[in-house]
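Participant: The structure follows.
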Amino acid sequence: MVSTQESAENWEKEATALMQAGNLGLAATGLQARLAESPLDARALALMGMVQLMLERYEEAVAFLRVSLLREPNDARTLNSFGLGLRASGMLHNARQALEQALALEPSDPAINANLANVCASLGDQARVRALLEPMVDAIDEAPVEWWVMLAGALLAQGEAHAAHARLDAAVARWPDQLALRVQQIVAISLAGQHAAALDHLQTLVSMVNGDPEVLGRLANQARAFKANELALACFEQLRRQPGSNMEATLNATMNFGIVLADLDRHADAVAAFSEAIALVPELADAYRMRGVSRAKLGQTASAISDLQRSLQLHPAHPDALAALESLQAAHPAA
């Protein structure tokens, strides 16, 4: 005769094995049968929540896991899964709270540390990301690439470009084909003040990916996010001169090229870039607005007002264009 404990262990082992094998439908069926017998079984509820999480049914996952935690509030595995479900549902602060609870129960669990770091990165708490991941990257030889990427991002966000550079050099040496690492490495090199070296690495990356615009765009956007504007400029220049690019891609790169030039106070060059964008799409309101702003910076008041007025003709009541025009006209009432 099978004992109650053995029966419980059997259904749990079977459900876990099915989940690990990817047989989520069969796992859910078995768990439904278990919950029909014992509706408040915390472990069955937790496993059902994990199945729903794997099926990307986040609302159902959170519901099952919440009930499970009412029964067993100090189960670190369930709290970890609950945090993942909340994160996937966009409830980042609640996800962090659940994962912090899980970590307090299992402070050395790598998965919980990494999941919490991911949520903290989304919330912009880069100091917490660094505190969570740096010890693990140092201690675990097989630390996943994703941890290195998150840690480097946290270091860059904290202004630690040289530390990020050193970390990424080591990571790229281990995983030379990982593009995410190479992209961050180039940003770190640029932010560390080695712009020529960053451009050399950029050309190496371009050769590696055969000029793939998606990879170059990712690098350009990261460079802009971290204010590595000279590097972003080089990327957008490469993208807008890319052979075989369609007009939309060329236009997007040209507009971004102009925006970075304006950020660098190179307004004459920015005017030229926005003029190229207008030549591609003559009805592009944002290009007229941005060209007008740069012309105003150059003291070309009449042309600036004309551009801003044209922007408003194309996009009436655009708040940025309207504010820029009103400010310019107030400063130059005779214009």
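Participant: Look at region 70-106 and say how many of its residues are assigned by TED's automatic domain parsing to the domain that holds Ala42, free of Cβ contacts under 8 Å to residues at least 24 places away in the same chain and in a helix (DSSP H, G or I).
Facilitator: Final tally of qualifying residues: 1.
Participant: Only one residue in Ser311, Ser303, Ser327 is in contact with a His (Cβ under 9 Å, 6 or more places away or on another chain), in a helix (DSSP H, G or I) and without any contact (Cβ under 8 Å) to a residue 40 or more places away in the chain, so which one is that?
Facilitator: Result: Ser311 is the single residue among Ser311, Ser303, Ser327 that is in contact with a His (Cβ under 9 Å, 6 or more places away or on another chain), in a helix (DSSP H, G or I) and without any contact (Cβ under 8 Å) to a residue 40 or more places away in the chain.
Participant: Hey, another quick one. I want to confirm something. Restricting to region 321-335 and keeping residues that are surrounded by 15 or more Cβ atoms within 10 Å (Cβ to Cβ) and touching a helix residue (DSSP H, G or I) at 6+ places or on another chain (Cβ under 6 Å), which single residue is farthest from Thr301 (Cα to Cα)?
Facilitator: Ala321
Participant: Tell me whether region 49-56 contains one or more residues that are of a type in the set (A, V, I, L, M, F, W, C) and either at pLDDT below 95 or not in a helix (DSSP H, G or I) (or both).
Facilitator: Yes, because at least one residue in region 49-56 is of a type in the set (A, V, I, L, M, F, W, C) and either at pLDDT below 95 or not in a helix (DSSP H, G or I) (or both).
Participant: Another question, if that's okay. Just a yes or no: is a residue in region 251-271 within 23 Å of Arg241 (Cα to Cα), of a type in the set (Ser, Thr, Tyr) and crowded, with 20+ Cβ neighbours inside 10 Å?
Facilitator: yes
Participant: Right, next: For residues that are assigned to a loop (DSSP other than H, G, I, E, B) and either in contact with a strand residue (DSSP E or B) (Cβ under 9 Å, 6 or more places away or on another chain) or surrounded by 15 or more Cβ atoms within 10 Å (Cβ to Cβ) (or both), tally how many sit in region 112-163.
Facilitator: 3
Participant: Moving on to the next point. When you look at Ala188, is it part of a helix (DSSP H, G or I), farther than 19 Å from Arg218 by Cα and without any contact (Cβ under 8 Å) to a residue 40 or more places away in the chain, yes or no?
Facilitator: no
Participant: Additional query: Considering every residue within region 212-235, establish whether at least one is acidic (Asp, Glu) and under 19 Å from the mean Cα position of the chain (by Cα).
Facilitator: yes
Participant: May I pose another question? Do we find that Glu276 is in contact (Cβ under 8 Å) with a residue 12 or more places away in the chain, of a type outside the set (S, T, N, Q) and in a loop (DSSP other than H, G, I, E, B) in this structure?
Facilitator: no
Participant: Inspect region 213-232 for any residue being within 25 Å of Ser306 (Cβ to Cβ), part of a helix (DSSP H, G or I) and acidic (Asp, Glu) and give the result as yes or no. Show your work before the answer.
Facilitator: Just the residues of region 213-232 that are within 25 Å of Ser306 (Cβ to Cβ), to begin with: none.
Within region 213-232, none of the residues are within 25 Å of Ser306 (Cβ to Cβ), part of a helix (DSSP H, G or I) and acidic (Asp, Glu).
The values are calculated or read from the model by the stated rules, or taken from the named source; none is laboratory data. Predicted model, so just to flag it, every value in this text is computed and none were measured. For neighbour counting, all protein chains shown are included, and Cβ atoms are generated from backbone atoms with ideal geometry for every residue, glycine included.
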